[in-house]
Amino acid sequence: QVQLVESGGGLVQPGGSLRLTCTASGISFTFYTMGWYRQAPGKQRELVATMTSGEFTTYADSVKGRFTISRDNAKSTVYLQMNSLKPEDTANYYCRASRASLTYWGQGTQVTVSS
């Protein structure tokens, strides 16, 4: 059974930082592209950052220079370091694992940026 479990969300003030963690089980993690997506109320889910098995990264323009995705294959874990957070970063953040036609999602972790 495949599971993606996110953690690390919470309430943070503008300008603050958070690190999200997603730990996978039931997949050959090393071979998967891992990604973070987010969905704010009333909006569509959008890509935040992805990292391929070869560690090639992509970022949404809105987070470039502020967010960093990384992975630890030995721990089957992907991270999202979020710095200089803004109120518009408020959303539910989801972890995704994908390989060929296979896609798995986590349940999400809420990030709220507010003073």
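Per-residue answers, yes or no, for (1) within 26 Å of Gln1 (Cβ to Cβ); (2) of a type in the set (D, E, K, R); (3) in a strand (DSSP E or B):
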residue: Ile27; (1), (2), (3): yes, no, no
residue: Gly35; (1), (2), (3): yes, no, yes
residue: Arg38; (1), (2), (3): yes, yes, yes
residue: Glu55; (1), (2), (3): no, yes, no
Is it the case, given these coordinates, that Gln44 is closer than 19 Å to Thr109 by Cα, open to solvent by 40 Å² or more (accessible area, probe 1.4 Å) and touching a residue at least 24 places away in the same chain (Cβ under 8 Å)? no
Taking the condition of being more than 12 Å from Leu18 (Cβ to Cβ) and either in contact with a Phe, Trp or Tyr (Cβ under 7 Å, 6 or more places away or on another chain) or in a strand (DSSP E or B) (or both), how many residues in the range 69-90 meet it? 8
Which residues, counting only those in the range 83-98, are charged (D, E, K, R) and surrounded by 15 or more Cβ atoms within 10 Å (Cβ to Cβ)? Asp89, Arg96
Would you confirm, using the coordinates I've provided, whether Thr50 is loosely packed, with under 12 Cβ neighbours inside 10 Å and of a type in the set (Ser, Thr, Tyr)? no
Subset of the range 38-56 (residues that are over 19 Å from Ala100 (Cβ atoms), in contact with a Phe, Trp or Tyr (Cβ under 6 Å, 6 or more places away or on another chain) and of a type outside the set (Lys, Arg)): Val48, Ala49
Near pairs, Cβ below 9 angstrom, 6+ apart or cross-chain, from the range 90-109 (within 23 Å of Val63 (Cα to Cα)) to any residue that is of a type in the set (Asp, Glu): Ala91/Glu46; Tyr93/Glu6; Tyr94/Glu6; Cys95/Glu6; Gly106/Glu6; Gln107/Glu6; Gly108/Glu6; Thr109/Glu6
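The values are calculated or read from the model by the stated rules, or taken from the named source; none is laboratory data. On a predicted model such as this, the values are computed, not experimentally measured, just so you know. Glycine gets a Cβ as well: all are built from the backbone with ideal geometry, and neighbour counts include every protein chain shown. Protein only, heavy atoms only, side chains kept; ligands, DNA and RNA dropped before computing areas. Shrake-Rupley method; radii C 1.70, N 1.55, O 1.52, S 1.80 Å.
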